[in-house]
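Everything below concerns the one structure shown next.
The values are calculated or read from the model by the stated rules, or taken from the named source; none is laboratory data. Owing to the predicted nature of the structure, the values given are computational and were not obtained by experimental measurement. No Cβ is skipped: glycine too gets one built from the backbone with ideal geometry, and neighbour counts run over all protein chains shown.
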Amino acid sequence: MEQTTTFNFREIQERPDRLAPGHRMCAGCGGTIAVRNVLKAIHPGDRAVVGNATGCLEVSTFMYPYTAYEDSYIHNAFENAGATMSGVQTAYKALKKKGKIQEEYKFITFGGDGGTYDIGLQSLSGAMERGHDMVYVCYDNGAYMNTGIQRSSATPMYADTTTTPAGRESVGKPQTRKDLAAVIAAHNIPYVAQTTFIGNMKDLYVKAERAIYTPGAAFLNIMAPCPRGWRYDAPDIIEICKLGVETCYWPLFEVIDGKWRLSYEPRKKLPLEDFLCKQGRFKHLFKPENEYLIEAFQEEVDRRWEELKKRCEE
């Protein structure tokens, strides 16, 4: 794996934005925070091709013939972001071998959890298994937010969505969240990481740079809260991300050439309810008759956390 440059927060922040302002994403949206900061990890002077599966991000940053991206941009369907970018990367490789292209390009594609965990999983799996030199970034907001906040396989258990509504007949989504980072790590690709927005974004920048500059396939899973779907006040997004990490609901880790490594372990693991109580989609869990649901959710988070620590120890 290529060595990353020395982290310099000020220098990275001063880099020109590759996602231009003026797009239509919601205030407090985690998707655009993820994209903007991942693209800032590209070294100055390097070029990129950006792909984008259909979703909130696509419909809000692209309206033909206008795009908010400073780099070459491709919009494709929900289900084929991985296939599209792997094809572009292969064409680039062939043209460069023939001497028709001299410039160096990085290939990065973005998809929400609906287009990544579910609809686009087949093409993503194929691109990763074939080892294309590209990065797939999932901005995980935990539901199909663009089409009306329907549940996805990334939606956490007991979340209130329009297709798993909490009420007298339902306590929200009954299933647990798919562990997509582990699924992609099982493809034995060079780099997989999970991150979110904490502190000065160092964790996100370091992992984005490693993903972009690691030869071969790489995958980033970024928790990107949605103010409408999660039902929180827009300024609270960073606090929610921090609580997701401190409660171990969203642990930070890397898988480098098959070796699992924890990026952060809380000094004092906070109870899951600290994370849940900030979001309206879990409001029903705090009714007296539903306390057992929080206990069950806590047990699931604890189980996954212990499993992750064992993987990292190995």
In the stretch 6-28, how many residues are more than 20 Å from the chain's Cα centre (by Cα) and farther than 22 Å from K202 by Cα?
2
Segments classed as helices (runs of 4 or more DSSP H), wholly inside the stretch 197-314, with at least 3 members that are farther than 30 Å from S125 by Cα and out of contact with any Cys (no Cβ under 6 Å at 6 or more places or on another chain)
237-246, 273-276, 291-313
Six or more apart or on different chains, Cβ under 6 Å: which pairs go from a residue in the stretch 162-186 that's in contact (Cβ under 8 Å) with a residue 60 or more places away in the chain to one that's surrounded by 16 or more Cβ atoms within 10 Å (Cβ to Cβ) and among the aromatic types (F, W, Y)? Could you list them?
V171/Y158; G172/Y158; K178/Y117; L180/Y117; I184/F219
Residues within the stretch 280-299 that are surrounded by fewer than 17 Cβ atoms within 10 Å (Cβ to Cβ) and within 16 Å of G142 (Cβ to Cβ), tallied:
2
Restricting to the stretch 7-45, and then to whatever is polar (S, T, N, Q) and at pLDDT 90 or above, can you tell me which residue is surrounded by the fewest Cβ atoms within 10 Å (Cβ to Cβ)?
N37
Looking at the stretch 88-112 only, could you name the residues that are within 26 Å of G31 (Cβ to Cβ) and either loosely packed, with under 14 Cβ neighbours inside 10 Å or among the basic types (K, R) (or both)?
K106
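Only one residue in A234, A211, A182 is of a type in the set (A, V, I, L, M) and surrounded by 21 or more Cβ atoms within 10 Å (Cβ to Cβ), so which one is that?
Details: A234 fails: surrounded by 21 or more Cβ atoms within 10 Å (Cβ to Cβ); A182 fails: surrounded by 21 or more Cβ atoms within 10 Å (Cβ to Cβ).
Residue meeting the stated conditions: A211.
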Any residue in the stretch 125-144 that is farther than 21 Å from T195 by Cβ sitting within a Cβ distance under 9 Å of a residue that is modelled with pLDDT under 95 and not in a helix (DSSP H, G or I)? List the pairs, counting only those 6 or more apart or interchain.
Y144/G55
Boolean, I149 is modelled with pLDDT of 95 or more, under 23 Å from L57 (Cα atoms) and not hydroxyl-bearing (S, T, Y):
yes
